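**Q** Encoded as structure tokens, here's the structure I'll be asking about.
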Amino acid sequence: HVHAALAERELPRRNRVGYVGVRQRILLVDNEAIDREMLASVLEGLGFEVAQAASGYDCLAMVGRFQPHLVFMDLAMPGIDGWETLRRLRQSGSTAQLAVISANAFDKGQDNDAGIASEDFILKPIRVEELLDWIGHKLGLAWVIGQPAAAPPSPVAAVHELVLPPAAELAGLLEAVELGYVRGLRSELARLAALDTAYTEFARVAGEHVRQFQFEALRELLHHGLQPENKA
């Protein structure tokens, strides 16, 4: 399962904290909610806009509205399976990059009529570092690399490698992001950066999210700062 892999494996060694350029949309299609959620949390933390579909039918209904740049497709789903969904996506004229997520290595070596090349098969358990390398290559991304913090890395998400201010100091920032108050966000980030040099990288990454109006990604970043272990 995806969630087991993400929970047990180390974080991306390159400490990716985001990417440069237009925000990319990724659609995750899997009938296992926990697998979707864990993968979504990693991708959203890096600034991707993520949508989820629990079935092939849901996927086909969402594609026209969401216009994904990339679709990850699980093969074993009730209703129409992943292969049929991929065929219908191709026929619909979608320009999204398509990839298969499968626990069955046998699938990778088989010919298919959906035009999925062997290098576009992502095998479970997912290796996060390799998955991000693949995404970067497929979407032509330039990654934003953060400086590792002095504290040991936490095996949850890349944003944990940044030193975040205590929860009490994040309250003003959280209020500003909920209001979408850009000037207030910039003011709070400047205050936090001046508070302690340890927060410089956090302020830079959060500032990049503000600059690109990536409020969901910023909420995700702040969410990690409000976890119990970071409360002051």
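The values are calculated or read from the model by the stated rules, or taken from the named source; none is laboratory data. Computed from a predicted model, the values in this text were never measured in an experiment. Virtual Cβ from ideal backbone geometry, glycine too; neighbours counted across all protein chains shown. To get the accessible areas, we keep the full protein, side chains included, count just its heavy atoms, and leave off ligands, DNA and RNA. Shrake-Rupley method; radii C 1.70, N 1.55, O 1.52, S 1.80 Å.
**Q** Solvent-accessible area per residue for the stretch 54-100 at a 1.4 Å probe radius, Å²?
**A** Ligands and nucleic acids excluded, the figure is 45 Å² per residue.
**Q** Can you work out the FRET efficiency for the pair residue 67 and residue 200, with r the C-beta to C-beta distance and R0 = 30 Å, to the nearest 0.05?
**A** For residue 67 and residue 200, the calculated efficiency is 0.25.
**Q** At 7 Å along Cα-to-Cβ for each site, give me the label-to-label distance between residue 190 and residue 33 in nm.
**A** It is 4.4 nm.
**Q** Rounded to a whole number, what % of the accessible area of the stretch 28-121 do carbon and sulfur atoms account for, probe 1.4 Å?
**A** Reported share for carbon and sulfur atoms: 47 percent.
**Q** Amide H of residue 75: which non-local residues (sequence gap of 5 or more, or other chain) have their own amide H closer than 5 Å, using H built in the peptide plane?
**A** Under 5 Å from the amide H of residue 75: 101.
**Q** Full extension from residue 123 to residue 223: what is 0.36 nm times the residue separation minus their Cα-Cα distance, to one decimal in nm?
**A** Working it through step by step, the gained length comes to 33.1 nm.
**Q** Taking θ as phi - 60°, what are the ³J(HN,Hα) couplings along the stretch 19-30 by the Karplus curve (6.51, -1.76, 1.60), each to the nearest whole Hz, with x for Gly and Pro?
**A** These are the phi-based 3J(HN,Hα) values: 9, 8, x, 4, 5, 9, 9, 10, 10, 9, 10, 6 Hz.
**Q** Check residue 70: other-chain or 5+ apart residues with amide H under 5 Å from its amide H, H built from backbone geometry?
**A** The list, which skips near neighbours in sequence, is 25, 27, 97.
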